[in-house]
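In what follows, a single structure is set out as C-alpha cells and then discussed.
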Amino acid sequence: MRIALLGYGKMGRYIEGLALAAGDEIVLIVDENNRADIRAKDLAVADVAIEFTRPESAILNIELALEAGVPIVVGTTGWLSRLPEVTAKVRLADGALFWASNFSIGVNIFFAVAEKAAALANQYGGYAVGIEEIHHLQKLDAPSGTGITLAERVGGQLDAYDSWTLAEVQSVVPQTHIAPAVAPKKGTSPVPITSIREAGVPGTHTLELLGSVDTLTLKHAAHSREGFAQGALTAARWLISKRGVFTMKDLLGTRTK
C-alpha cells in the first residue's frame, strides 16, 4: 500500500512506523512546511491518503485528495459541522472518504455498549447523562470528536436528550488554542460534556448514567496512540477501491439500516 501522510505530527509518525513495519510505502509526507507547494499531481502517486492535521486544514486536504482521485482517511476532528457539504463533494467527484472521530477498535466497541446501555435505561427513565473526556494539552478542539460521537449516539437513544453541549473545560494550563465546537440546537436537553486537558493523556472517555438509587459508569482509556494509528491503517486498506463516504460502522459491520 502506497500511503500519503497529510500531517506529520505524533499521529503521523505513529502511522509511518506501523506502516513501514507492515511493508507499506510512504510515498509522500505533507506538513506545515510544504503544504502550500503540494498539488493534486503530487498526491496522485499514492493508493490512499491518511490525514491527521487541524480542523481548519482537513477540508482543504479532503478536496485535494478528491482532485487527485485518491481515497482519503481522515482522523482530524472539529470539522464535522461541514460533513453534509463534504459528502456532497465526495459524491460529485465519485471519490472515497473514511472519517472517524476515533479509529480505536476498543472505542468503537465502547460506543456500541454505551448506545445499548442508554437504550435500556430509556425504557425505565430516571437517569441523567454526563460525559467526561480527557486529552493531552495539545488537543486542538473541545469537546473531542470522540466525546461528541458518544453524546450523539447515547442521546439518540434517550427521549429526554438530544444534541450536546460543552459544559466545562478544565486544564492545568491556559488553553488559548482550543477551538470549542458548536453543538446543533434542538428541542430537548443537550448531553453535557466536560473536557479536561492534562499532560500525557492519549484519550479517556467516561459516560455516566446517574440515577437516584445508583450510577452506571462506562469508561474507555487509551494507553497510547498506537491503537488509533493501527485503526487508521486498517481503514486505509479497507477503503482502497471503494467509492462513497464511510465510517467505523461500515468497517466493523455495525451499521443498522
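Since every read-out is calculated from the coordinates, none of them should be taken as a lab result. As the structure is a computational prediction, the values presented were derived from the model and not from experiment. When we count neighbours, we look across all protein chains shown, and the Cβ atoms used for this are built from the backbone with ideal geometry, even at glycine.
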**Request:** Using DSSP, restrict attention to beta bridges with both residues in the chain and report what percent are antiparallel, rounded to the nearest 5.
**Result:** 30 percent
**Complete:** Whole-Hz Karplus couplings 3J(HN,Hα) for segment 55-68, θ = phi - 60° and coefficients 6.51, -1.76, 1.60, Gly and Pro as x, run x, 6, 9, 4, 5, 4, 6, 4, 4, 5, 5, 4, 5, 7
**Complete:** Relative contact order as a percentage, segment 1-142, C-alpha pairs under 8 Å and 6+ apart, gives 19 percent
**Asked** Which order, highest average first, do 97-104, 193-200 follow once you tally other Cβ atoms within 10 Å for each residue and take the mean per peptide?
**Response** 97-104, 193-200
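With the contact rule set at Cα under 8 Å and sequence spacing of 6 or more, what percent relative contact order holds for segment 105-221?
37 percent
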**Request:** Give me the percent of DSSP beta bridges within segment 105-221 that run antiparallel, rounded to the nearest 5.
**Result:** 50 percent
**Request:** For segment 191-257, count the residues as N, evaluate 2.2 N^0.38 Å, and divide the Cα radius of gyration by that value, please.
**Result:** 1.53
**Request:** Return the long-range amide H neighbours of residue 240 (sequence gap of 5 or more, or a different chain), with a cut-off of under 5 Å between placed amide H atoms.
**Result:** none
**Asked** How would you rank 73-84, 233-244, highest first, on the average number of other Cβ atoms within 10 Å across their residues?
**Response** 73-84, 233-244
**Fill in**
Given backbone amide H placed at 1.01 Å from N, residues whose amide H is under 5 Å from that of residue 129, ignoring those fewer than 5 places away on the same chain, are 210
**Prompt:** For the residue pair residue 212 and residue 93, what label-to-label distance in nm results when each label sits 7 Å from Cα along the Cα-to-beta-carbon direction?
**Reply:** 5.4 nm
**Asked** For residue 124 and residue 39, what is the calculated FRET efficiency with R₀ set at 41 Å and r taken between the beta-carbons, to the nearest 0.05?
**Response** 0.10
**Prompt:** Once the piece of chain linking residue 199 and residue 240 is laid out straight, how much longer is it, given 0.36 nm per residue of separation minus the C-alpha distance between them?
**Reply:** 11.2 nm
**Fill in**
With the label point 7 Å along the Cα-to-beta-carbon line of residue 172 and a cut-off under 15 Å to each amide N, the hits in segment 119-149 are 134-139
**Asked** Of the lysine pairs in the chain, how many meet both conditions: Cα atoms under 21 Å apart, and a spacing of 8 or more in sequence or different chains?
**Response** 11
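Count the net charge of all other residues whose Cβ sits under 9 Å from the Cβ of residue 196, scoring Lys and Arg as +1 and Asp and Glu as -1.
Computed value for this residue: -3.
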